[in-house]
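Nothing in this text is a laboratory measurement; each read-out follows from the coordinates by a stated rule. Nothing here was measured: the structure is a model prediction, and the numbers come from that model. Every residue, glycine as well, gets a Cβ built from its backbone with ideal geometry; the counts of neighbours run over all protein chains shown.
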Amino acid sequence: MNQANSSTPDVSVIVPVRNEAGNVAPLVAEIAAALEGRWAFEIIYVNDGSSDRTEAELLALMASRPWLRQIGHTRSCGQSAALRTGVAQARAPLVVTLDGDGQNDPAFIPKLIEAFEAGQPRLGMVAGQRVGRKASGFKKFQSRVANGVRGLILRDGTRDTGCGLKALDRDMFLALPYFDGLHRFLSALVRREGRDIGYVDVVDRPRLHGQSNYGMWDRLWVGILDLFGVWWLLRRRKRVPEVSEV
C-alpha cells in the first residue's frame, strides 16, 4: 500500500509539539519525503497547548496534505500525555514517534520501520539511540546521569531512553500503564509485557528554531518517584501469560 492518504495507513507518525511554529513546515516535509512511495502513512501533530503560531502553521499545511492531522490540547499536559493522545488517535497498527523540534532526523524512520517489521512477532518496539548528540555539555551530563541511574535500577538494557525516534506496536502501547513521564520508561515497560526491543543508531541534529519546551530537570530529579514506581511495576509482574484460544 503506497498511497499516503489511504483510509487505513500502514504507519502513523506522532509528533508532540508545544510552541514549535518555526519547525513545523520543514519537519512535515522531511517526514513525508522519508515515507512517500514506501508506506501508506498519516502524520499526527499533537499540539500541546501552544501559544504561538503552531496551530496556524499546521492548518495552512493541512489544506494541501490530506495525510496531515492536528490534535489539540487546550492547555499543556506534557510530552507523555501528548504521545498517548496521538497514539490513541492513530489509525495504523504501527506508530512512529519523534520530537517536534527537528533534532530527530526523519531520514531514519525507514530503518526503524524495517527493523520493526523484521522482528515480528516478538518485537514490541524499535528505539533510536543517539550518536553525535547536539546538546550542551550540562544537558548531556544530565542525560548520562539519568540514564545511568535508570539502567542500574530497572536493567532495561537501553543506553538512551531520551531519543524521541521510536517505532511501536500501537495496541501494546495503549495497554501499558499510563502515568506522566511514561515516555522515559518505555523500554522497561515494553519488556514487562514480554516483548523484545530493537535498536537503531540515529544521528542527532541541532535545533534550528525556538527553544526546548520540556525542561531538563524532569530527567532525574522530578522523575525519581516515577523510577521507583516503574521498578515496583516490574517486580509485580513476574510472568507474562502466553494466551491461545482452544
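Descriptive notes on the structure:
- Projected onto its three principal axes, the C-alpha set of the stretch 1-125 covers 41, 29, 27 Å, listed from the longest axis down.
- Extending 7 Å from Cα along the Cβ direction at R207 and again at R237 yields two label points whose distance is 3.3 nm.
- Listed from fewest to most Cβ neighbours within 10 Å, the set H73, H183 follows the order H73, H183.
- Sparse-neighbourhood loop sites, trypsin sites (Lys or Arg not before Pro) in the stretch 1-85 - DSSP loop, at most 10 other Cβ within 10 angstrom: R75
- In a fully extended conformation the segment linking V246 and T8 would gain 82.6 nm over its present Cα-Cα distance, using 0.36 nm per residue.
- In the stretch 17-104, GluC sites (Glu not before Pro) in a DSSP loop with at most 16 other beta-carbon atoms within 10 Å: E36
- When the alpha carbon gyration tensor of the stretch 78-124 is reduced to an equivalent ellipsoid, the three semi-axes, largest first, read 20, 16, 8 Å.
- A cut-off of 5 Å between modelled amide H atoms, ignoring neighbours fewer than 5 places along the same chain, links L68 with I43.
- Backbone HN-Hα couplings from phi across the stretch 198-205 [Karplus 6.51/-1.76/1.60, Hz, Gly and Pro as x]: x, 9, 9, 6, 10, 9, 6, 10
- In this structure the amide hydrogen of D99, modeled in the peptide plane, comes within under 5 Å of the amide hydrogens of N104, G164, L165, none closer than 5 places in sequence on its chain.
- Other residues whose C-beta falls under 12 angstrom from the C-beta of A32 contribute a net charge of -1, scoring Lys and Arg +1 and Asp and Glu -1.
- Here's how it looks for D196: its modeled amide H is under 5 Å from those of L123, G124, which are all 5 or more places away or on a different chain.
- Summarising the label geometry, the points placed 7 Å from Cα in the beta-carbon direction at R122 and R159 lie 2.2 nm from one another.
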